[in-house]
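A quick write-up on the structure given underneath.
The values are calculated or read from the model by the stated rules, or taken from the named source; none is laboratory data. Keep in mind the model is a prediction, meaning the values are calculated, not measured. For neighbour counting, all protein chains shown are included, and Cβ atoms are generated from backbone atoms with ideal geometry for every residue, glycine included.
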Amino acid sequence: MTNVKVEKVIAYSMAAFLTGLLFGVGLTISEMVNPEKILSFLDIFGVWDPALILVMLGALLITIPGFQLIKRKDQPFFALKYLLPEKTVIDKKLVTGAALFGIGWGLVGLCPGPALTGLVTLETDIIVFLLAMLAGMMAFNWLPKST
């Protein structure tokens, strides 16, 4: 590899690491890694904790202008091209996946990002969740593919 390619790989890797670190810190500060916090947010008929609405609003305040910036630029700062979703159709697979994700999130109060971030706590519940998630991902690869 040439020095320029090595420098780009290092820059891209550092950008990815720092972005992931910032994401993990944000999840931790907002308590998205705490299943009890998530479950209390989802318990609208019990002891409801609306604090995570602020987390969602904060995410939208970053995401919406970010997508507007993407539309104006030809190439990202730290990659060769944008990796944006190409599929825009809402189909049965999307709805089914979203429903399964939501049911799982509501049952245990975890989703993949916060669970990976919470792995540093070495809590048994988080480890079991991640193992089940990995098993589900492997099982998906064994399912027959339909077009």
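Take E7 and decide whether it is part of a helix (DSSP H, G or I) and of a type in the set (D, E, K, R). Criteria met by E7. The helices (runs of 4 or more DSSP H) found entirely in segment 30-147 that carry 1 or more residues being over 16 Å from the mean Cα position of the chain (by Cα), modelled with pLDDT of 90 or more and surrounded by 10 or more Cβ atoms within 10 Å (Cβ to Cβ) are 35-42, 52-72, 92-108, 124-142.
So, L119, is that one touching a helix residue (DSSP H, G or I) at 6+ places or on another chain (Cβ under 8 Å) and free of Cβ contacts under 8 Å to residues at least 60 places away in the same chain or not? If you could, list the steps in order and put the result at the bottom.
Working: touching a helix residue (DSSP H, G or I) at 6+ places or on another chain (Cβ under 8 Å): yes; free of Cβ contacts under 8 Å to residues at least 60 places away in the same chain: yes.
Yes.
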